Amino acid sequence: MIANKTDKRVMPSVAYHYRQEGCAFSLEQVFSDVRGALSEGIQQEAFYCPHRRASPSAMWANVRQARRSQCVVNHITGEVHYLALALPRRGLVLTIHDSGDTNAFRGWKQAIFRCLWYTWPIRRAAAVTFISTFARESVESLVGFPIKHAWVIPDPVSARFVYSPKVFPESNPRVLCLGTKTNKNIERLAEAVGGLPVELRIIGQLSESQNAALAKHGVRYTTAAKLTADEIFEEYQAADIVSLVSTFEGFGLPIVEGQAIGRPVITSNTCAMPETAGEGALLVDPMSVDDIREGMKRLLAEPSLRADLIEKGLANAQRFTASSVARQYEAVYAAIA
């Protein structure tokens, strides 16, 4: 179901269960924005797992912490899904961001991971929320059954991302690229923009192969890593184009952040990215260097296209305000408490 109405009953207290503090910054930021927009009558507490690793001893310690840290509603915010097995079913909310982690395992290890992180926690929870329809469908394919107690609630865009117009430069526009994991597709992007009059601004630690690709294709670029939320916002302000041509995304928050601040966005035509972008982004095939290159060339050459994407992007970003997302979570809490 799509969460779109808030129950008018008295709202319960909510415990937010996170992975170890600092291990999942973007996830923490997402739920910080949600929690800040909740109705005043909702009491809330945050609990962080004491251990980062997924060894049996660390998981047991995390489970014991979760059992001691309960409210009427217990909301597992992501990644430590197995905590659901130690919490009461009533009032238990599990948020799943994607199904990508299963690819890191093979054989019996993958089977155990799938059960502990997906199948059993999903069956245990009173409500399972997904950040996109794509994420829900991917997880249903993984576990092999329809999740009837599922809600689709998107990630919110932070309130700091407000429209900040910027004149498009005549030469060397800055293309902001957030993230350097394999799915961020840096090598193909480097080949695609090689020879184009742009400068890539890459946020994240580059690998040897990524550095080699950028050097091979003569790409002008700068990098930064371990930025604060304020510093990331400043990177968006300084950008002329926001690029997220990933091979996989369960949602794609940089799309909405770029739209909200008023930048033309180029992103992929696969996974959750079209769902998130709406009509406010230029979609390209992330597996095709030629398609990425043609998309970039269009953004450089067509002012009317950039203006249209900015206008439609600003409208699309309104779907993802923290207050809108918070009301949707409140509807879930009221329904299951």
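Residues in the stretch 267-309 that are touching a Lys or Arg at 6+ places or on another chain (Cβ under 7 Å) and in a helix (DSSP H, G or I) were compared, and the one that is farthest from residue 39 (Cα to Cα) is 289. For the criterion of being farther than 17 Å from residue 241 by Cα and part of a loop (DSSP other than H, G, I, E, B), residue 142 fails. The condition (being more than 17 Å from residue 60 (Cα to Cα), without any contact (Cβ under 8 Å) to a residue 24 or more places away in the chain and surrounded by fewer than 22 Cβ atoms within 10 Å (Cβ to Cβ)) is satisfied by just one residue among 124, 106, 89: 106. Among the conditions (1) in the same structural domain as residue 329 (by TED's automatic domain parsing); (2) assigned to a loop (DSSP other than H, G, I, E, B); (3) basic (Lys, Arg), residue 166 misses just one, which is (1).
Do we find that residue 60 is farther than 29 Å from residue 134 by Cα, out of contact with any strand residue (DSSP E or B) (no Cβ under 9 Å at 6 or more places or on another chain) and either assigned to a helix (DSSP H, G or I) or basic (Lys, Arg) (or both) in this structure?
Details: farther than 29 Å from residue 134 by Cα: yes; out of contact with any strand residue (DSSP E or B) (no Cβ under 9 Å at 6 or more places or on another chain): yes; either assigned to a helix (DSSP H, G or I) or basic (Lys, Arg) (or both): yes.
Here the answer is yes, as residue 60 does meet what is asked.
Just one residue in the set 239, 213, 229, 224 is in the same structural domain as residue 310 (by TED's automatic domain parsing), farther than 30 Å from residue 138 by Cα and either surrounded by fewer than 18 Cβ atoms within 10 Å (Cβ to Cβ) or of a type in the set (Lys, Arg) (or both); that residue is 224.
For the stretch 264-313, filtered to residues that are among the basic types (Lys, Arg) and in contact (Cβ under 8 Å) with a residue 24 or more places away in the chain, the residue that is surrounded by the fewest Cβ atoms within 10 Å (Cβ to Cβ) is 297.
The values are calculated or read from the model by the stated rules, or taken from the named source; none is laboratory data. This is a predicted model, so every value here is computed, not measured. Don't worry about glycine lacking a Cβ; one is built from the backbone with ideal geometry, like all the others, and counts go over all protein chains shown.
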